[in-house]
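Accompanying notes for the structure given below.
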Amino acid sequence: MLSNLGKGADEKPCNTIDTLIGEKTELKGDITFTGGLRIDGKIKGNITAKEGGNSTLVLSENATVVGNVTVPHVIINGKIKGNVRASGRIELQARAEITGDVYYRMIEMAMGAVINGNLVREAAEADKDKGAVTRLKPVGGAGADTDG
């Protein structure tokens, strides 16, 4: 299983639901979790996944979150009023509505999804290194003299 070493956010999303917050539940306070969390109810507080995992947050069409979300993998079909940061993948389904900035590495957006804020792509470390190398290459002009 050496192929999974060092992948970090490249890991597959957690495909199990360890915790469910039901449709008739309202929670006030911050949530920190690992594994899979599905929310069908209302949350007033920040939602954060513990570092170093492949945690996944699923928000159903009935879910409402007022607070910031920081989770590697996010599937949204509900409403979020706050910033969203997904170091892995974010999937916005047709009823998704975000009022806040979205920081992502990979994004999938269905027709009908709404974002009222900025979309900011955060490149992986390897992508950042490639960008640095590209900027160092000469672009014509000086050093490109071919007058022989």
- Task: Return yes when T146 is modelled with pLDDT under 95, of a type in the set (V, I, T) and not in a helix (DSSP H, G or I) and no when it is not.
- Result: yes
- A113 being of a type in the set (G, A, S), in contact with a Leu (Cβ under 7 Å, 6 or more places away or on another chain) and either modelled with pLDDT of 95 or more or surrounded by 18 or more Cβ atoms within 10 Å (Cβ to Cβ) (or both): yes
- Quick one: which strands (runs of 3 or more DSSP E) lie wholly within the stretch 51-94 and hold at least 3 residues that are at pLDDT 95 or above and among the acidic types (D, E)? none
- Item | Members of the stretch 24-65 that are out of contact with any Ser or Thr (no Cβ under 8 Å at 6 or more places or on another chain), in contact (Cβ under 8 Å) with a residue 24 or more places away in the chain and over 20 Å from R89 (Cα atoms) | N62
- Query: Among (1) within 12 Å of the chain's Cα centre (by Cα); (2) at pLDDT 95 or above; (3) surrounded by 19 or more Cβ atoms within 10 Å (Cβ to Cβ), where does T48 come up short?
  - Reply: (3)
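The values are calculated or read from the model by the stated rules, or taken from the named source; none is laboratory data. This one's a predicted model, so the numbers in the text were calculated from it and none came from an experiment. Virtual Cβ from ideal backbone geometry, glycine too; neighbours counted across all protein chains shown.
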